[in-house]
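All remarks here apply to the structure that follows.
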Amino acid sequence: ESSQLAAEISSLEIDRIAQNVVKSHLETCQYTTEELKRLAWTLYSPEEIRALQSKSCEAMWQQCSLQISNAIQYVVEFAKRIDGFMELCQNDQIILLKAGCLEVLLIRMIRAFNPLNNTVLFEGKYGGVQMFKSLGCDDLISAIFELGRNLCRLQLSDEELALFTAAVLLSPDRPWLTESKKVQKLQDKIYVALQHEIQKKHSAEDKLSKMVSKLPLMKTICNLHLDKMEFFRLLHPETAMNFPPLYKEVFNS
Amino acid sequence: TERHKILHRLLQEGSPSDI
């Protein structure tokens, strides 16, 4: 069915879509590839890790919510630059961003994830899961690191990552969309462009299905994050009140 | 709109300061 769809969409349009999405991605990355290469082996020392671990649960939650809130702004900017997104009604723009921004961030995270030593960039240096011990969310953190390893194994190029994040953002099955058909059309074209990009590199035929097979784990992580946030809010209402406004807006149901 | 005023504002105008 997708091959019939591909025929309808001229390859000229596919290239135009790919270029727009890749350009939008590269322009809205928090870290350039060079920065990440330079930082890749800047690891937290054991003392710095212990300092992170000795932080209070509230302080660590506040710190992480701030990082997520900053990163969300780049995802909003990414979405705005994707052809067709701003033509959607604003209700749907908000729904797609609220439902999809964390999934986009989880995919973007692999650019700052080093599978060789299982570390991720956090506030300027790389560290392992133990950095986040004081959050009290070991299951969530280990799921995120597992996802990072799995996605890194696919060795996505910048182009593939850009198109995959755009396709995930433009998910027509998000609840309460008013024009899901319009979103479906956009996503279809982006998936065709992504398949085209994968084939261009002669990488494994089933690379796209491997990428799509990671979506359930991402959804589980997003739901787990919401559960942890709700639980934290019950225990520490004042701290949760002071979470960054954008973080609260996106994740408060 | 009230419930999502920051998202609305980000969608409307400027991008993050350092982009």
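The values are calculated or read from the model by the stated rules, or taken from the named source; none is laboratory data. Computed from a predicted structure; not experimentally measured. In this analysis, Cβ positions are derived from the backbone assuming ideal geometry, glycine residues included, and neighbour counts consider all displayed protein chains.
As a summary of the residue check, A:Glu160 satisfies the conditions (1) surrounded by fewer than 15 Cβ atoms within 10 Å (Cβ to Cβ); (2) part of a helix (DSSP H, G or I) except for the one numbered (1). Do you know which of the residues in region A:187-203 that are outside any helix (DSSP H, G or I) and not basic (Lys, Arg) is surrounded by the fewest Cβ atoms within 10 Å (Cβ to Cβ)? Checked region A:187-203; the qualifying residue surrounded by the fewest Cβ atoms within 10 Å (Cβ to Cβ) is A:His202.
Could you count how many residues in region A:203-244 are within 14 Å of chain B (Cβ to nearest Cβ) and at pLDDT below 95? Total satisfying the criteria: 0. Restricting attention to region A:204-253 and to residues that are among the hydroxyl-bearing types (Ser, Thr, Tyr) and surrounded by 16 or more Cβ atoms within 10 Å (Cβ to Cβ), the residue that is farthest from the chain's Cα centre (by Cα) turns out to be A:Thr239.
For beta carbons closer than 9 Å, sequence separation of 6+ or different chains, a first residue in region A:71-98 that is more than 7 Å from chain B (Cβ to nearest Cβ) and a second that is buried (at least 20 other Cβ atoms within 10 Å of the Cβ) and basic (Lys, Arg), the qualifying pairs are A:Ala71/A:Arg108; A:Val75/A:Arg108; A:Phe78/A:Arg108; A:Gly84/A:Lys189. Only one entry of A:Ser24, A:Ser54 meets the criterion of being of a type in the set (Ser, Thr, Tyr) and over 26 Å from A:Asp158 (Cα atoms), and that entry is A:Ser54.
Residues that are farther than 30 Å from A:Ala240 by Cβ, out of contact with any Cys (no Cβ under 7 Å at 6 or more places or on another chain) and either polar (S, T, N, Q) or not in a helix (DSSP H, G or I) (or both) are absent from region A:47-64 altogether.
Only one of the numbered conditions (1) free of Cβ contacts under 8 Å to residues at least 60 places away in the same chain; (2) exposed (fewer than 12 other Cβ atoms within 10 Å of the Cβ) is not met by A:Trp176, and that is (1). With respect to the conditions (1) out of contact with any Pro (no Cβ under 6 Å at 6 or more places or on another chain); (2) in a helix (DSSP H, G or I), A:Gln184 lacks only one, and its number is (1).
Based on this model, can you work out whether A:Ile110 counts as modelled with pLDDT of 95 or more, facing chain B (nearest Cβ under 9 Å) and crowded, with 17+ Cβ neighbours inside 10 Å? No: the conditions fail for A:Ile110.
If we scan region A:140-149, do we find a residue that is assigned to a loop (DSSP other than H, G, I, E, B) and either more than 30 Å from A:Glu48 (Cβ to Cβ) or modelled with pLDDT of 95 or more (or both)? No.
I want to confirm something. Restricting to region A:24-46 and keeping residues that are touching a residue at least 12 places away in the same chain (Cβ under 8 Å) and part of a helix (DSSP H, G or I), which single residue is surrounded by the fewest Cβ atoms within 10 Å (Cβ to Cβ)? Filtering region A:24-46 for residues that are touching a residue at least 12 places away in the same chain (Cβ under 8 Å) and part of a helix (DSSP H, G or I), the one surrounded by the fewest Cβ atoms within 10 Å (Cβ to Cβ) comes out as A:Thr33.
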